[in-house]
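The values are calculated or read from the model by the stated rules, or taken from the named source; none is laboratory data. Keep in mind that this is a model prediction, so the values were computed, not measured. For neighbour counting, all protein chains shown are included, and Cβ atoms are generated from backbone atoms with ideal geometry for every residue, glycine included. Each accessible area value is taken on the protein alone, full model and side chains, heavy atoms only, with ligands, DNA and RNA left out. Shrake-Rupley method; radii C 1.70, N 1.55, O 1.52, S 1.80 Å.
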Amino acid sequence: MKVFRLTKTRSCTVAVLFAAILIYSGGELWQTLTWPPFFSFDETLEVDYVYQLTQGHLPTFFGGAQFNPLKLAYPYNVQWRYQHPPLFYLLETPFFKLGDTLNHPIRGIWLMRAFVYLLGITLILVSFWVARWAFGRSSKAIYIVPLLVASNRCLPSVVFNYTLATLWVALLFGCTCKIIRTFPRKLSSSTRFFWVAVVALAPLTRLSTIPIMMLCCGAVAILMIIRHSQATLRDWLHLVILPVVIAVLSSSWFYIRLHRLSGNFTGSQPAWSASHLGRTTDISLLKAITTASFYKNSLAQYHNMSSINSTRYGWLAVFSLTLIPLLLGVMAYVRRIFSNVRQRDQRNGSLTENALIILLCTFAFFGTTVQQLLFYKQGGSDNSVYFSLISIVFALTIAAGFCQFKKLYRLLVPAWLIIHLAFFMLEVRIKWPFSTNQPLHGSGFVTHALVFIGLALVGVGTIMAILLVAKNANAADTLTENNDNPKISKEQNEALHTNSMP
């Protein structure tokens, strides 16, 4: 009977991941079709970054763009993507060459976009792995996390480096949670090696991943301080010192270069932005904090900011899809900590483990908020895409919030998915691409068919996810029953009861 339940749970996992991939694929197909190649100057500069790498050098701000096979009229003769680290662009280089993008730019850019799409699929699969270590296998919350990650409308389907950075943050979180749950007895050598690699390459994805990386390394260091009697010098070397040292050595050259070119380690050009873009670069921090539109735009993770927030439904979308679910998640975190203290419930993870993971999520969220406020006060955009970096934090927190209500779980998750679908369809109505003066006006049958296929995939994935929640609401709970079944090996039994949060 237990083996049957395990098989059923694996089937549920595959079904949930498939539903999440359908939702993500449909949204990406819609977005990439309504955002034609070279429609965005930003994407063109991303492709130019890759091109300049193929020419043997990194771009510079005032050096401008060098890739212009379609003889486009660029609005500004600068390369403002130059401040991004090179990892994403190095990974895109083979696709640039394979598509012969210089001679066939349209074909090449579609191939480069396909790589970004594959990164998104990888992120969905990784998010399930992260949730298993954050919550434990006995929590039904792990089945919600991939759906939430797939529903994030701020992960671009075009050639931007946001998806890679978001994937890397998820890997950092997953490794950190695994170390917290398994240190020191069950921490394998492969996990140690993978952790070093993920930390070492984090600063080469985006500058904003560095604070997250340091936060994760700090959580591991705190864990070893708390368990000082079990932590050896080898542990400190492999889990804290070596990863940070390699990360500094692998990326310091790039940020020193930015400082040399711009006078700061971020590569920002506030004087140019003020004179050419009309941005106010001297907003006070207090004004930035009290600007309501900053939160309305920055927290538009699950709907299209540019189309929905301009309507009277903007705040409704932010509250129903982001703010209220996050508040429920905070309540769940507080309840988990008090439950650990009061009941000493070791089945659901020790107080140390749960507290570290909850603090990790909390500091990542508020740290990113502060980081974006500082960016905003210096003339930066309040675009929600910057918060997509911590998509995994949003997903973990919201999933925890929904799962704290055992009787309402079957209502909360479907309601959220239906609201998400409703705002997606509102976006479609507002941005209908075949209307006059829209990017796909006059397109042929194939483009029409692909757009409708994308919309259908989102709808089918959402319906499938709702049915799975209704049918398998208690599927994960069965893993905590019949602990003494003799047909389950000791290793399997231990795996089933990995420390977890509900």
Cβ-Cβ cut-off under 11 Å around Asp42, Lys and Arg +1, Asp and Glu -1: the net charge is -2
Which of the peptides 11-23, 236-248 is most tightly packed, and how do the rest follow, judged by the mean count of other Cβ atoms within 10 Å per residue? 11-23, 236-248
Fraction of accessible area attributable to carbon and sulfur, the chain (%, probe 1.4 Å): 65 percent
HN-Hα J couplings of the range 352-369 from phi, Karplus 6.51/-1.76/1.60, θ = phi - 60°, integer Hz, Gly and Pro as x? 4, 5, 5, 5, 5, 5, 5, 5, 4, 5, 5, 5, 5, 5, 6, x, 5, 4
Roughly how many Å² is the accessible area per residue of the chain, as a whole number, for a 1.4 Å probe? 43 Å²
Residues of the range 84-100 with backbone N under 13 Å of the label point set 7 Å from the Cα of Ile256 along Cα→Cβ are none
Between Ile430 and Leu450, what's the calculated FRET efficiency when r is the beta-carbon distance and R0 is 25 Å? Round to 0.05. 0.80
Spin-label model distance (nm) - Ile106 vs Ser310, 7 Å beyond Cα toward Cβ: 2.7 nm
Going highest first, how would you order 171-183, 78-90, 218-230 by mean Cβ packing within 10 Å? 171-183, 78-90, 218-230
Mind scanning Lys287/Lys431; Lys431/Lys471; Lys296/Lys431; Lys178/Lys377; Lys140/Lys186 and naming the pairs with a C-alpha gap bigger than 28 Å? Lys287/Lys431; Lys431/Lys471; Lys178/Lys377
Let me check something: with ligands and nucleic acids excluded, how do Tyr162, Tyr386 order by accessible area (1.4 Å probe), largest to smallest? Tyr386, Tyr162
Can you tell me the length gained on complete extension of the stretch Ile225 to Ser443, counting 0.36 nm per residue apart and subtracting the Cα distance? 72.3 nm
Under the 0.36 nm per residue contour assumption, what length would be gained going from the current alpha-carbon distance of Met214 and Ile324 to full extension? 36.7 nm
Distance in nm between pseudo-label sites at Ala292 and Phe41 (7 Å out along the Cβ direction from Cα): 3.1 nm
For a quick protection proxy, order the peptides 150-158, 323-331, 67-75 by their average other-Cβ count within 10 Å, most packed first. 150-158, 323-331, 67-75
Taking R0 as 41 Å, what FRET efficiency do you get between Ala197 and Asn383 from their Cβ-Cβ distance, rounded to the nearest 0.05? 0.85
Cα→Cβ-extended label distance, 7 Å offset, between Leu125 and Val245, nm: 3.4 nm
